[in-house]
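First comes the structure, then the notes that go with it.
The values are calculated or read from the model by the stated rules, or taken from the named source; none is laboratory data. On a predicted model such as this, the values are computed, not experimentally measured, just so you know. As a convention, Cβ positions derive from the backbone with ideal geometry for all residues, glycine included, and neighbour counts pool all protein chains shown.
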């Protein structure tokens, strides 16, 4: 099967799933009588509707090719960074490093990926961003909580720019026998991460009894984690035909993606709750912000990239 | 609306979000005077971008002539935002500085004003100047809608040129009116209180 044919099959499958989800929402809406039941169904409908939009954007992005994919992910990083900074208390003296993060580091990272230079894009933010952000901050002459303020900016750029940029960086991997098909790897990553989130939510709503992390992420349950995680890992194995992996390799790799995604979800949830918020933002109806959708991706993308780069190139 | 106006609101939304929150009223095309806290030069564009297009067509921001009166800024203010310019410095002591606003209200149009008269640095507004009171007495039928702009004082601190991207909500509160026996001071303080109330529990 050619690349395009595989893409069409995967997107076709997603559209079938979303149609089922939309129908389920409509049927559940008729049966919901209690106040909280109705609120849950309304949120479910909003989530599904937002998924239709996100899938449409993704399909158009893939159809338009690698450059557009990079630009779209640069905007994803931009919106995620915007949300992160909005929730993080900054001082007027952080103005200069904030400008640096938004208008130099962010575009710089994506330009380095466009130039297919792994050696530079892998160290640009962890080394040079890490050192430059606090260095530039000193110019304002404000030492109040300097270490805390530096750490906030470093975390913001690491998660929202560096980690997320590993997703489109998959496009530059040259895997023998898989040339020109790297877009499918990106699709595979996004599919597994998001499916894992969705199935954990579904299993949690259906069978959830035991809270997994009541303080950090109150909606996560052990039943949801196990049910959603196992199902997603299996689906990841069955989807091996769009990847360069065998069934067992794909199963193992999707397990790693799911695990990293869960850790990402927990970490970023702890972070936003520590900042006093329930959601990162308001951009995506029913989901919250961009970062509420990308939290798992930010952890899974670099791990997946390195696994593939180490074992398959 | 001009294509350049769409470009301006598009850039504003990209930089600061400007997500509308109609908390106390609906986006209706009745004559209104929107009054908001003022912390940065993008406040005007942010409120304007938060309004639906049909309301933008009948709503005019009020901008200071000494800042927005010349060059590119004048083009942005008068052509893109269709703003009314107000003479803060009162270069002609006999002229009523509110005259251009009154003219606009007489045409049935709506206004966006910043009653503090200048940009503050904190999350909650400072004391209001009396312009809002005078407009309220002369146009009792216009709805006075309090507006709170969140976060913009962080996005563009005084003296800065390029805004830091930040998600900002534009909160529209319940319309208020001047009471029959209310003094100017009491009214202005009540109006300021309405904006502060929309701020919720933000840190000052």
- Query: Quick one: would you say residue A:25 is crowded, with 17+ Cβ neighbours inside 10 Å, in a helix (DSSP H, G or I) and not assigned by TED's automatic domain parsing to the domain that holds residue A:205?
  - Reply: yes
- Message: I'd like to know if segment A:173-180 contains one or more residues that are farther than 19 Å from residue A:112 by Cα and without any contact (Cβ under 8 Å) to a residue 12 or more places away in the chain.
- Response: yes
- Scan segment A:82-102 for residues that are more than 7 Å from every other protein chain (Cβ to nearest Cβ) and more than 19 Å from residue B:161 (Cα to Cα) and report the count. 4
- Residue that is in contact (Cβ under 8 Å) with a residue 24 or more places away in the chain, in a helix (DSSP H, G or I) and over 24 Å from residue A:195 (Cα atoms), where the choices are A:58, A:111, A:70, A:98: A:98
- Task: Check whether at least one residue in segment B:71-78 is touching a residue at least 60 places away in the same chain (Cβ under 8 Å) and more than 24 Å from residue B:166 (Cβ to Cβ), and report yes or no.
- Result: no
- Item | Residue among A:103, A:121, A:139 that is out of contact with any helix residue (DSSP H, G or I) (no Cβ under 9 Å at 6 or more places or on another chain), outside the structural domain of residue A:309 (by TED's automatic domain parsing) and over 23 Å from residue A:271 (Cβ atoms) | A:103
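Suppose the filter is surrounded by fewer than 15 Cβ atoms within 10 Å (Cβ to Cβ) and more than 14 Å from chain B (Cβ to nearest Cβ); does residue A:141 pass it?
Values: surrounded by fewer than 15 Cβ atoms within 10 Å (Cβ to Cβ): yes; more than 14 Å from chain B (Cβ to nearest Cβ): yes.
Criteria met by residue A:141.
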- If residue A:272 passes every condition in (1) without any contact (Cβ under 8 Å) to a residue 24 or more places away in the chain; (2) in a helix (DSSP H, G or I); (3) within 14 Å of chain B (Cβ to nearest Cβ) but one, which one does it miss? (1)
- Query: Which is out of contact with any helix residue (DSSP H, G or I) (no Cβ under 6 Å at 6 or more places or on another chain), within 14 Å of chain A (Cβ to nearest Cβ) and at pLDDT below 95, of B:15, B:101?
  - Reply: B:15
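Listed here are the residues, each with its yes/no results for (1) farther than 30 Å from residue A:98 by Cβ; (2) surrounded by fewer than 20 Cβ atoms within 10 Å (Cβ to Cβ); (3) touching a helix residue (DSSP H, G or I) at 6+ places or on another chain (Cβ under 7 Å).
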residue	(1), (2), (3)
B:124	no, yes, yes
B:137	yes, yes, no
B:140	yes, yes, no
B:172	no, no, no
B:181	yes, yes, no
- Message: On the basis of being surrounded by fewer than 18 Cβ atoms within 10 Å (Cβ to Cβ), more than 14 Å from chain B (Cβ to nearest Cβ), under 20 Å from residue B:160 (Cβ atoms) and in contact (Cβ under 8 Å) with a residue 12 or more places away in the chain, does residue A:132 make the cut?
- Response: yes
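So, in segment A:69-81, how many residues would count as being touching a helix residue (DSSP H, G or I) at 6+ places or on another chain (Cβ under 7 Å) and either within 21 Å of residue B:13 (Cβ to Cβ) or facing another protein chain (nearest Cβ under 9 Å) (or both)?
9
Where in segment B:119-202 are the helices (runs of 4 or more DSSP H), entirely inside, with at least 1 residues that are on the phi < 0 side of the Ramachandran plot and within 13 Å of chain A (Cβ to nearest Cβ)?
The helices (runs of 4 or more DSSP H) meeting that bar are B:152-155.
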- Query: Within the bounds of segment A:202-223, is there any residue that is within 18 Å of residue A:297 (Cα to Cα), free of Cβ contacts under 8 Å to residues at least 40 places away in the same chain and not assigned by TED's automatic domain parsing to the domain that holds residue A:15?
  - Reply: no
